[in-house]
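Notes for the one structure printed next.
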Amino acid sequence: MDTLFLAEVTLAGLGAGALYALTGVAFVLIYKATRVVNLAIGEILMLGGYAFLGFAAGLGLSPWLALPLAIAAGGALGWLVERALIRPMLGESPISVFMVTIGLGSILAGVVQLGWGADPLRLPEFMPSTPVFIGEAYLAPKVAIGFVAAAVVIGLFLALFRFSRGGVALKATAADQGAAYSVGIDVPRVFSVAWILACATAAGAGVLIGAIGGISPTMGVFGLSVLVVVIIGGLDSIAGALVGGLLIGLVEALAGAFLGGEFKLVVTFALLLVLLMVRPYGLFGTHEIERL
Amino acid sequence: MRIGTLKTSYAADEALFDTPTQRLLLGLLALGAIAFPFVASPYWLFLACLCAINVASATGLNLLTGYTGLVSLGQAAFMSVGAYTVAVLEIRLGTPFFINLLVGAGLAAMIGILVGIPSLKVKGLYLAIATIAASVILHFLFAHWSLTGESRGLSMPPARLFGLTLDQPFSLYWLIMPVTCLMVLGAANLLRTRIGRAFIAIRDRDISAEVLGIPLLRYKLTSFAISSFYAGLAGGLWAYFFRVVTPESFPLVNSIFYLAAIIVGGMGTILGGILGAVFMTLVPELLKFVANWATPIYPDALAALAPVRTIVFGGLIVGFLIFEPRGLAEIWRRLRRFFHLWPFRT
Amino acid sequence: MTASPILEVSGVSLAFGGVRALNDVSFTVPEGAITAVIGPNGAGKTSLFNTISGFYRPQSGSIRFAGESLDGVRAPQRAARGLARTFQNIALFRGMTVLDNIKLGRHAHMRTGVLDALFYWGRAQKEELELRAEIEERIIDFLEIQHIRNASVGTLSYGLQKRVELARALAMRPRILMLDEPVAGMNREETEDMARFILDVKEEWGVTILMVEHDMGMVMDISDHVVVLNFGQVIASGTPREVQGNDAVVAAYLGSGDVGAIARRIKAEAA
């Protein structure tokens, strides 16, 4: 086997994995705060890409202005979704809430298609295109930038969770919403902030992914891979999202390179099935204890 | 205004349709269903058959998700097992259609049991994801296996019965509608026996159910088997109806469609599965009708049809879950109550 | 009180992580009598019930029921052998009517298979109708719940829900009926009704009863035999009178106080 090729595939896989991990962290953030499995994360990510296109190409703004605007649009969407769709579902079965997010994903995909058409589009170029070499292995510059950006954002999140009051509030809310509320934590605000941050992050990831591979209304299937990532890592574990993201990125890249592109999805899902049988709550997830 | 109904035996009280009004309505409905093909246009017959197929599959999913509480996003994949089996048998062996349908459904049931095995360990969303995984794997298998025509899929001859060829909506209606009615009746029957009670017990409190004498794994797998048997049978009917089966015939979004159908109709009621499947099948057609009508005023209406359908589909799921979580069946119940009490309560 | 034991618990220990819920618990339940398990909160009473039901697997010890070992017998099979129970936090199925909840109790004794059920002919129909008649005539009439048979269980008062749970346990064809706090949270009238039902079950149905209960007045009134648990250990057992006089019980139960005095006061209040 050609080691250089293997190294390049591995690098590309880790690059993609970093974006999975970033979106996975957004997903876990929502799950920890509100216990909602947000299947619309892929569509929110897609909307981030389209918002960027709208600001940059549609309104003719500089990409460096369009990027924060797209992220802000994602955050605003997160705020709106939490208020309008998620909070009314408080106390309903997790499956109902899960279905609400599936419905939301469908609405968003339809809206994007209505506004921009069904064809894939390219985002305006705004990243440097100097080739990156690590040792001898070539890495596409956008992938490298995506990796670095994802790593920085994840690092920021980790610092925030560890050292800020908000992080403590999030942990408390994740452990027991009622108890957190009774000791004076503004749980509804935690819900709101978690959705805003997570959706803003997803929108940012959408711009990165769109810059690498273009955007289309079917981009939401990215959410399916993210779902695999967080299930493998454990729904409520940030570390799980990191490990799961890199793992799935790597596995997909290897499967794509050595077996063929059509094997990507089936290999990750087969891996998922095996893992579910061995560790039903993911690598790092919390096992809920059942009582009679 | 209905005052009350007198029953003189437990059998009468345990009947599925226990009032004279219900039996009368049912009779009228049956007469309507028999008369329908003779008065309806092929387009409406086509829709009726499609509704019936979706009702059959949604009823199966309702047994699993609505009654047993096991969420599955694999119903379309189980349908594809039935559809491919029927197509392969019809092409390779030319066996009679009822045998093909039963074999297809049986095979789907067996795969359903396999897919259900993780339900021993995982619950809720984890299980839903496991069923997605199974769908992805089945899709991959059908798209790469020479027996199933790889990515081109299979074209198959029509069903035949006593020298008759069932290739038009009119003739297929007489196959699809009775089978669907039997399936729905079967599901309703199932639910008034110990098996139905065990399903509901598992949904409501699975651990207590076990202590009360219900072996969990056996009944979870039974539920998966029955549900995917229904899906397989519906998929077989689908294959005879469209006569082309490809890997893209049963995408993941179809599984979501069936889940949406039972949510919109009302989970955990037989009526809900029927109403939801019919409603969700007809809404896109209604939108097409509206788009055709709007074209003179708004020329791009037809181009906007596909995204609008996607939006309405999502909107219905979200809207029903937030505003009427018990679905159309609950609306129907309220209407009935209104007429029972009319004119004293208005 | 000389009847042979129907249930023998010997040397059962159960631990969750480092917490010992049951520590070498041994006692017997005589057939045809009412045995009460009492003890302060957290003494391990419900853990004991869950172990007997087969929901928890003890680390050591064994349980014999009707002369046969229950080792390795899973919860549903234990139910099928006649081990019926009710739950501390009512475990009725909210999606079913009262009647269906009671019918569910018979599950393990029915034979209807999937095919019978789909067509609802022959065996399925016969079995359902026989069950319905038996429940109506033996259980619903006996427990005086005719008026709620078609009600959804969620709409019922606490006391009625407890009664429906008893009905469901009776439908299980019990050889031993395990009642977990049958009168907790009930008012005096409901408690008296429940005590009367329990005594009637013992006398008319000939069913052995094992119950966990905090209501000392009722325990002392109707039990034939009392087992006292504290910190997962049996600290006394015997007739109600013997247990009331036992110093260890008094010390464990009340710290400083007199269980008999409490019981007498409750009785006095009830009278």
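With the stretch B:163-249 as the region, which helices (runs of 4 or more DSSP H) entirely inside it contain at least 1 residues that are modelled with pLDDT of 95 or more and either of a type in the set (Val, Ile, Thr) or buried (at least 23 other Cβ atoms within 10 Å of the Cβ) (or both)? Counting at least 1 such residues, we get B:169-190, B:194-204, B:216-242.
Here is a yes/no grid of residues against (1) more than 19 Å from A:ALA109 (Cα to Cα); (2) within 14 Å of chain B (Cβ to nearest Cβ); (3) outside any loop (DSSP other than H, G, I, E, B):
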site: A:ALA149; (1), (2), (3): yes, no, yes
site: A:VAL153; (1), (2), (3): yes, no, yes
site: A:VAL168; (1), (2), (3): yes, no, yes
site: A:THR173; (1), (2), (3): yes, no, yes
site: A:ILE185; (1), (2), (3): yes, no, no
site: A:ARG189; (1), (2), (3): yes, no, yes
site: A:VAL193; (1), (2), (3): yes, no, yes
site: A:LEU197; (1), (2), (3): yes, no, yes
site: A:THR218; (1), (2), (3): no, yes, yes
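Of the residues making up the stretch A:76-96, those that are buried (at least 21 other Cβ atoms within 10 Å of the Cβ) and either touching a Gly at 6+ places or on another chain (Cβ under 6 Å) or more than 7 Å from every other protein chain (Cβ to nearest Cβ) (or both) are A:LEU77, A:GLY78, A:VAL81, A:GLU82, A:ILE86. Screening B:LEU321, B:LEU328 for residues that are open to solvent by less than 30 Å² (accessible area, probe 1.4 Å) and either farther than 18 Å from B:ILE256 by Cα or part of a helix (DSSP H, G or I) (or both) leaves exactly one candidate, B:LEU321. When the residues of the stretch B:6-21 are filtered to those that are of a type in the set (A, V, I, L, M) and under 17 Å from C:GLU137 (Cβ atoms), the one that is farthest from the other protein chains (Cβ to nearest Cβ) is B:ALA12.
Of all the numbered requirements in (1) of a type outside the set (Asp, Glu); (2) assigned to a helix (DSSP H, G or I); (3) at pLDDT 90 or above, B:SER72 misses one, and that requirement is (2).
With the checklist (1) open to solvent by 50 Å² or more (accessible area, probe 1.4 Å); (2) over 19 Å from B:ALA76 (Cβ atoms) in hand, flag the one item B:ALA291 doesn't pass. Exception for B:ALA291: condition (1). For A:GLY249, the conditions (1) crowded, with 19+ Cβ neighbours inside 10 Å; (2) within 11 Å of chain B (Cβ to nearest Cβ) all hold with the exception of (2).
Sub-6 Å Cβ pairs linking a first residue in the stretch A:22-38 that is farther than 17 Å from A:ALA159 by Cα and within 14 Å of another protein chain (Cβ to nearest Cβ) to a second residue that is acidic (Asp, Glu) and surrounded by fewer than 24 Cβ atoms within 10 Å (Cβ to Cβ), at least 6 apart or interchain, are A:TYR31/A:ASP236, ordered by first then second residue. Check whether at least one residue in the stretch B:309-330 is β-branched (Val, Ile, Thr), in contact (Cβ under 8 Å) with a residue 24 or more places away in the chain, farther than 23 Å from A:GLY117 by Cβ and in contact with a helix residue (DSSP H, G or I) (Cβ under 7 Å, 6 or more places away or on another chain), and report yes or no. Scanning the stretch B:309-330, I find at least one residue that is β-branched (Val, Ile, Thr), in contact (Cβ under 8 Å) with a residue 24 or more places away in the chain, farther than 23 Å from A:GLY117 by Cβ and in contact with a helix residue (DSSP H, G or I) (Cβ under 7 Å, 6 or more places away or on another chain), so the answer is yes. All of B:ASN54, B:ASN62 fail the test of being part of a helix (DSSP H, G or I), open to solvent by 10 Å² or more (accessible area, probe 1.4 Å), in contact with a helix residue (DSSP H, G or I) (Cβ under 8 Å, 6 or more places away or on another chain) and within 30 Å of B:LEU221 (Cβ to Cβ), apart from B:ASN54. Working only within the stretch C:143-177, note down all residues that are farther than 22 Å from C:ASN187 by Cβ, in a helix (DSSP H, G or I) and either modelled with pLDDT under 90 or among the charged types (D, E, K, R) (or both). Answer for the stretch C:143-177, where residues must be farther than 22 Å from C:ASN187 by Cβ, in a helix (DSSP H, G or I) and either modelled with pLDDT under 90 or among the charged types (D, E, K, R) (or both): just C:ARG168.
In the set B:ALA277, B:ALA261, B:ALA291, only one residue is without any contact (Cβ under 8 Å) to a residue 24 or more places away in the chain and small (Gly, Ala, Ser); that residue is B:ALA291. If the condition is being more than 21 Å from C:LEU177 (Cβ to Cβ) and buried (at least 16 other Cβ atoms within 10 Å of the Cβ), then the stretch C:23-37 contributes only C:ASN23.
Taken as a whole, the condition of being within 21 Å of the chain's Cα centre (by Cα), part of a helix (DSSP H, G or I) and either of a type outside the set (Asp, Glu) or within 10 Å of chain C (Cβ to nearest Cβ) (or both) does not apply to B:ASN292.
Can you pull out the residues in the stretch C:58-76 that are within 14 Å of another protein chain (Cβ to nearest Cβ) and in contact (Cβ under 8 Å) with a residue 24 or more places away in the chain? Of everything in the stretch C:58-76, just one residue is within 14 Å of another protein chain (Cβ to nearest Cβ) and in contact (Cβ under 8 Å) with a residue 24 or more places away in the chain, namely C:PRO76. For the stretch A:206-218, filtered to residues that are more than 17 Å from A:VAL112 (Cα to Cα) and in contact (Cβ under 8 Å) with a residue 60 or more places away in the chain, the residue that is most open to solvent (accessible area, probe 1.4 Å) is A:ILE212. Kindly establish whether C:GLY154 is out of contact with any Leu (no Cβ under 9 Å at 6 or more places or on another chain) and surrounded by fewer than 18 Cβ atoms within 10 Å (Cβ to Cβ). No; evaluated as a whole, the condition is false for this residue. Considering the stretch C:40-116, the qualifying helices (runs of 4 or more DSSP H), each wholly inside and each with 1 or more residues that are open to solvent by 10 Å² or more (accessible area, probe 1.4 Å), assigned by TED's automatic domain parsing to the domain that holds C:ARG149 and acidic (Asp, Glu), run over C:98-105. Screening B:SER80, B:SER41 for residues that are polar (S, T, N, Q) and in contact (Cβ under 8 Å) with a residue 60 or more places away in the chain leaves exactly one candidate, B:SER80. Inspection of the stretch B:100-114 finds no residue satisfying the criterion of being closer than 30 Å to A:THR286 by Cβ and within 10 Å of another protein chain (Cβ to nearest Cβ). Within the stretch C:139-152, does at least one residue satisfy the condition of being within 25 Å of the chain's Cα centre (by Cα) and at the interface with chain B (Cβ under 7 Å from one of its Cβ atoms)? The answer is no, given that none of the residues of the stretch C:139-152 is within 25 Å of the chain's Cα centre (by Cα) and at the interface with chain B (Cβ under 7 Å from one of its Cβ atoms). For the stretch A:265-288, the criterion of being basic (Lys, Arg), surrounded by fewer than 21 Cβ atoms within 10 Å (Cβ to Cβ) and more than 10 Å from chain B (Cβ to nearest Cβ) is met by none of the residues. Could you check the stretch A:234-292 and list, in sequence order, the residues that are under 28 Å from A:ASP176 (Cβ atoms) and out of contact with any helix residue (DSSP H, G or I) (no Cβ under 7 Å at 6 or more places or on another chain)? Answer for the stretch A:234-292, where residues must be under 28 Å from A:ASP176 (Cβ atoms) and out of contact with any helix residue (DSSP H, G or I) (no Cβ under 7 Å at 6 or more places or on another chain): A:ALA239, A:ARG279, A:TYR281, A:THR286, A:HIS287, A:GLU288, A:ILE289, A:ARG291. Applying the criterion of at least 1 residues that are touching a strand residue (DSSP E or B) at 6+ places or on another chain (Cβ under 9 Å) and closer than 25 Å to A:ASP119 by Cβ to the helices (runs of 4 or more DSSP H) found wholly in the stretch A:1-98 leaves A:41-53. Criterion first (assigned to a helix (DSSP H, G or I) and within 14 Å of another protein chain (Cβ to nearest Cβ)) does A:LEU208 satisfy it? So A:LEU208 does not fit the description; no. Each residue in the stretch B:5-35 was checked for being acidic (Asp, Glu) and in a loop (DSSP other than H, G, I, E, B), and 1 of them qualify.
The values are calculated or read from the model by the stated rules, or taken from the named source; none is laboratory data. Please read all numbers here as calculations on a predicted model, not as lab measurements. We place every Cβ from the backbone using ideal geometry, glycine too, and count neighbours over all the protein chains shown. All accessible areas refer to the heavy atoms of the entire protein, side chains included, with ligands and DNA or RNA removed. Shrake-Rupley method; radii C 1.70, N 1.55, O 1.52, S 1.80 Å.
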